[in-house]
Each structure stands twice: as structure tokens, then as C-alpha cells.
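To start, the structure under review is shown below, and the notes come after it.
The values are calculated or read from the model by the stated rules, or taken from the named source; none is laboratory data. As the structure is a prediction and not an experimental result, all values here were calculated from the model. As a convention, Cβ positions derive from the backbone with ideal geometry for all residues, glycine included, and neighbour counts pool all protein chains shown.
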Ligand SMILES: C[S@@+](CC[C@H](N)C(=O)[O-])C[C@H]1O[C@@H](n2cnc3c(N)ncnc32)[C@H](O)[C@@H]1O
């Protein structure tokens, strides 16, 4: 199954880079057999099991997508990538997954929430890592986990990308110590972080309300000049995924404008409907 989501960004030189790599990736990239051997060894540690819905971000030629699909079945796998070339190879495998053309740093999120979001050998290439984390967090169900996985450590990978140069020469995997600060703004907490020469594994969990967008949406309950009539609503995932953040900020401005001077905006977290206060 496949569908296009957005148009691939033409300004990110990595799209052309990975399109060029796509036809030969399974021969010139990491050895697929060795990769699968390592993944099977790590299997229990990754916490993937039957029934989980999984989003794979940066699936490339789908080297591991079939394995993911058979591991989580009857859960579903949606595999996304911004390189049409990579996706064409992945779709040709005929595995039981939905392949979607999507730029995790640019496209608005699509419908869907997942128990796991997995970035396998892809995170360093996301040109806007904070934006990618925000979008991925929105796709997590409450209690869901983000997994960032590499079969090498951050220093090894960063040195490797530097040696490759070109479009990916500055692509960078933040070392384990930096992740708590990267994840806090998107409502995720580190559960496990391994960063050694042969493995990078970052597991982070969404709170009870799922990964949230920062801020939330605020609604003005009445017209201008109100004393206490501004009310607020913080949407949880997956609602927030359907509300572009610019809408949330427009509502916040409306709510502030509706107040008399000297009154402050009050936030009622976890309310699903506007309420007068
Ligand atoms: C090094 S390849 C790894 C592919 C695959 N995971 C594997 O292990 O064979 C990185 C992949 O991430 C994809 N990618 C990079 N930036 C992306 C973005 N902003 N949105 C979606 N995919 C992206 C690339 O197109 C590429 O297929």
C-alpha cells in the first residue's frame, strides 16, 4: 500500500543525495544481512511486540520494514521517507506496510497515532531536528515510545558523516547526554540511552496525555472587555495533530485581546471544551 503525503522539499539537498543512493543503497550502504542479525540480537531490548502500531521515519529502501511489520503484526506499520527514489525501492519489496512520501521536517503531520515511532539510521539527516521531534511526538499515543537506533555510537557516526561530506557532511547525531533537553519541550522523557561504539539506542516515552504540542489552544469564550471570561483548552494528542500550531497561537492572541487591562489569561489544562471561568 502506498500514498503520497506532501511534495518533497526541493531545497533540502539530501533529497537528491538519497534519490541518487537509492538504486544501489542495499549494496553500498550498511550490509543488510549484518543489520538484520544485529536487530534480531537486540530484539527484546527494543520492546517491539505483536499488536503495536509503528511509524518508521526515514525508512529508506525498507530494509527493515518487513521485519518490523512481521514483529508487530496484527499492529500496522507506516513507513515514511522524503526520497521518492528510496520509497520506490521500498514499495517494490511488497511488504505489509503503508509507505508514505513525507518530509518529517516540513510536512504537516498526517492522521495517525502510534505506540512506537522508530528512527533507524535516519535521525542525523533531519535538517530540523527540533521540528522533527515535535512532529514525531504528536504521533505518539499516551505512553508510546520514540526509538532512535543506530548500530554505532554518536561519535563514530558523526565522524563517518564528516568523512562522506557533501549534503550529509554536517549531519549530526546528538550524544546521549543532550537528549533530555531536546525531548523535554515536546513532552517526551528519556527512558533509556545507550551511546557506545557499536550501538546508539535512545528510548523516550510520551506522558499519559501523549506527546503534546507546546502551548495548547486557548479559546475566547466571550467578546472583548471580559473580566474572567477567557477560558482555555489544552489539546492532547491526537487532537493536537489535527490543529496546526499557528491556529493555537491565533486563539491565544484572541483570548488575550478579549481581556480587560490587568486581567491575565488562565489556562485550564486537560479541558476539551471552552469553559467560562
Ligand atoms: C541513511 S538512510 C537510512 C535508511 C534506512 N533507515 C536504512 O537503515 O536503510 C536515511 C534515510 O532518511 C531519509 N530522510 C532524511 N531526512 C528526512 C526527512 N526530513 N524526512 C523523511 N525522511 C528523511 C532519507 O531519505 C534516507 O532514506
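Within region 1-110, considering only strands (runs of 3 or more DSSP E) that don't extend past its boundaries, which have at least 1 residues that are more than 22 Å from residue 150 (Cα to Cα)?
On the way: elements: 2-4, 54-57, 77-81, 98-101.
Ranges flagged: 2-4, 98-101.
Any residue at all in region 48-59 that's surrounded by fewer than 20 Cβ atoms within 10 Å (Cβ to Cβ), more than 14 Å from the ligand (Cβ to nearest atom), over 18 Å from the mean Cα position of the chain (by Cα) and at positive phi? Show your work before the answer.
First, the residues of region 48-59 that are surrounded by fewer than 20 Cβ atoms within 10 Å (Cβ to Cβ): 49-51, 53.
With more than 14 Å from the ligand (Cβ to nearest atom) added as a condition, the list becomes 49-51, 53.
Filter again for over 18 Å from the mean Cα position of the chain (by Cα), leaving 49-51.
Filter once more, keeping what is at positive phi: 51.
Yes, some residue in region 48-59 is surrounded by fewer than 20 Cβ atoms within 10 Å (Cβ to Cβ), more than 14 Å from the ligand (Cβ to nearest atom), over 18 Å from the mean Cα position of the chain (by Cα) and at positive phi.
Inspect region 60-73 for any residue being touching a strand residue (DSSP E or B) at 6+ places or on another chain (Cβ under 9 Å), assigned by TED's automatic domain parsing to the domain that holds residue 45 and at positive phi and give the result as yes or no.
Yes - at least one qualifying residue is present in region 60-73.
Quick one: count up the residues across region 103-133 that are surrounded by 22 or more Cβ atoms within 10 Å (Cβ to Cβ) and more than 6 Å from the ligand (Cβ to nearest atom).
10
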